[in-house]
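Peer 1: Starting off with a structure, shown below.
The values are calculated or read from the model by the stated rules, or taken from the named source; none is laboratory data. Nothing here was measured: the structure is a model prediction, and the numbers come from that model. For neighbour counting, all protein chains shown are included, and Cβ atoms are generated from backbone atoms with ideal geometry for every residue, glycine included. What goes into the accessible areas is simple: the full protein's heavy atoms, side chains included, and nothing from ligands, DNA or RNA. Shrake-Rupley method; radii C 1.70, N 1.55, O 1.52, S 1.80 Å.
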Amino acid sequence: MVFASVLMSALISVPAYAQTSEEDEGYNIEAHIEGISNSEIYLGFHYGNKQYIQDTTKLDENGHGVFSGEEKLQQGIYLIITPAKKYFELLIGEDQNFSFTTNQENFLETSEFKGSDINEKFNDYQKFMNRQNQKSQVLRDRLEKNEDNKDSTEVLKEQLQELDKEVKNNWKKIVENTPNTILASIVKAMQTPETPDFEIPDTAENQDSIRWVKRYRYHKNHYFDRLDLSDERLVRTPILHNKIQNYFDNIVLQDPDTVIKEVDRVIKLTDGNDETFEYITRFLLNEYQQSNIMGMDKVFVHIAEKYYLSGEADWVNENTLKQLQERVDRLKPNLIGNEAPDLKLPTIKSEFANLQDINSEYTVLYFWEPDCGHCKKTSPKLWELYEEYDRDQLEIFAVYTQTDEEEWKNYINDNEFDWINVWDPQHTSDFRSKYDIYSTPTIYLIDKNKRIIAKRIDHNSLKQMLEQKLDSE
């Protein structure tokens, strides 16, 4: 299939947000699948990168069955799923009363539709793309085998370019011949912007770099030219999800402030459509809540505050909003770039140490405990790093997170860790909330102005950062 290649490992029931509410004309889809009898088949649909079940019918001994409902289905790419978990795709557009015949041995080549012009064209399109892909693969295989033969490679490249032109012409015809349909919307959405080959003056230095930057900016600025983010039909295809995922993973620079700017730009392109606004906003919130890239929690906080906690995300219940607010409250004080929340804590010598009073180029804020397996590996490595630098370059403010004084002191004395050792036996500093401490070890790196420049990094990442910053000075 052109749009989906991974078979579902399980059938999932329809989520509440996938229910339909269009005109009460209903839908009636008659199915005839040769090779299947007396078995249930399913009508499913894409919702972003997942698939859900919409309806079920049982084929009789002749392979006939009917999917029907009193409410129209929301438009998109749907799936007919067989008992063997094989499937083929069809379109649900405005006309939802039609029939199809196919053979389970080869859905694509044997499918025929009656009463659905859009599915006839969709099936023709898939067959065309399948043939083009096969031709392209043959040419690419030949190109790889003849890479040392310049004459042959030039001919093969020209043939590949000709295939590409044929595909683009096919796209153009579909859009022209099926205006405003789900098929036209899908075909347009799959296209990428044609990037000009910018001419750079011969006198310019770094011509290749300048050309790359120009092409990158053009591609980024025109990425959504043919993808209508206000078209809710695209939510029920994998295309919208994949395009958004690709944009934020591979095109947008992975800098929190840059990502925030792009998040707002993309959400604005939904142009007031409730369904695409919900899908994209929900996707981006989850994406940056789970991101493994340091600093992206700033993006999560921005989305949560601007779209969820402000009341724009009207699909969220009060309990979820409360949990979201609590998460934002724990993250916001310790975002990268913020001034590190102050900690004034008793030391192992029963004195007080203040994080803000440390006079060093860099301070490592280290949350740990003796019985933590990872801490037992990290602490000695930190000590080795600590000894490599003078105290005006690097200091470590080590916060013992538990309350067993004897355990704490014995471990420090046994290992002779004489960095700044502090603890909070009375829980007065609220360090867990200020620094979002839910596990150990946790390492923050703070600069001389007490700004957080890295968080939740391991020893190796910390070592590399310090080498870059201190060894180069």
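Peer 1: For the chain, with every protein chain kept in place, what is the accessible area per residue (1.4 Å probe, Å²)?
Peer 2: So the chain comes to 53 Å² accessible per residue, rounded to a whole number.
Peer 1: Also: Quick one: length gained pulling Asn170 to Asp95 fully straight, 0.36 nm per residue minus the C-alpha distance?
Peer 2: Net length gain for the segment: 24.7 nm.
Peer 1: Which whole-number percent is the relative contact order of the stretch 122-256 (Cα, under 8 Å, 6+ apart)?
Peer 2: Averaging sequence separation for qualifying contacts and normalising by length gives 18 percent for the stretch 122-256.
Peer 1: Return the distance in nm (one decimal) between the two label points of a simple spin-label model at Trp383 and Lys349, each offset 7 Å from Cα along Cα→Cβ.
Peer 2: It is 1.9 nm.
Peer 1: Could I ask something else about it? At 0.36 nm per residue, minus the direct Cα-Cα distance, what do Asp342 and Asp447 gain on full extension? Give it in nm, one decimal, please.
Peer 2: Here the segment from Asp342 to Asp447 would lengthen by 36.4 nm.
Peer 1: Using a 1.4 Å probe on the protein chains only, how many percent of the accessible area of the stretch 173-304 belongs to carbon and sulfur?
Peer 2: 45 percent
Peer 1: Measure out, as a whole number of angstrom, how far apart the alpha-carbon centroids of the stretch 180-248 and the stretch 345-381 sit.
Peer 2: Centre-to-centre (Cα) distance: 48 Å.
Peer 1: Additional query: Out of (1) 22.5; (2) 27.2; (3) 24.0, which label holds the value of Kirkwood radius over Cα pairs in Å that was computed here?
Peer 2: (2)
Peer 1: Right, another one. Highest first, please rank the peptides 198-204, 338-344 by the mean number of other Cβ atoms sitting within 10 Å of their residues.
Peer 2: 338-344, 198-204
Peer 1: With labels modelled as points extended 7 Å from the Cα through the Cβ direction, what inter-label distance (nm, one decimal) is found for Ser230 paired with Tyr438?
Peer 2: 3.9 nm
Peer 1: Taking the Cα centre of the stretch 226-319 as origin and charging only Cβ (+1 Lys, Arg; -1 Asp, Glu), how large is the dipole, in debye to the nearest 20?
Peer 2: Rounded to the nearest 20 debye, it is 300 debye.
Peer 1: Going by average Cβ density within 10 Å per residue, which order do the peptides 133-145, 254-266 take, highest to lowest?
Peer 2: 254-266, 133-145
Peer 1: Which FRET efficiency value, to the nearest 0.05, do you get for Ser209 and Asn246 by plugging their Cβ-Cβ distance into 1/(1 + (r/R0)^6) with R0 = 35 Å?
Peer 2: 0.90
Peer 1: Taking the Cα centre of the chain as origin, work out the dipole magnitude from +1 charges on Lys and Arg Cβ and -1 charges on Asp and Glu Cβ, in debye rounded to 20.
Peer 2: Dipole about the Cα centre, nearest 20: 560 debye.
Peer 1: Given a cut-off of under 8 Å on Cα pairs at least six residues apart, what relative contact order in percent is computed for the stretch 313-422?
Peer 2: In percent, rounded to a whole number, it is 26.
Peer 1: Can you give the relative contact order of the chain as a percent, counting alpha carbon pairs under 8 Å and 6+ residues apart?
Peer 2: Relative contact order comes out at 10 percent.
Peer 1: When the solvent-accessible surface of protein heavy atoms is calculated with a 1.4 angstrom probe, in what order do Trp368, Trp212, Trp171 fall, highest first?
Peer 2: The most accessible residue leads, giving Trp212, Trp171, Trp368.
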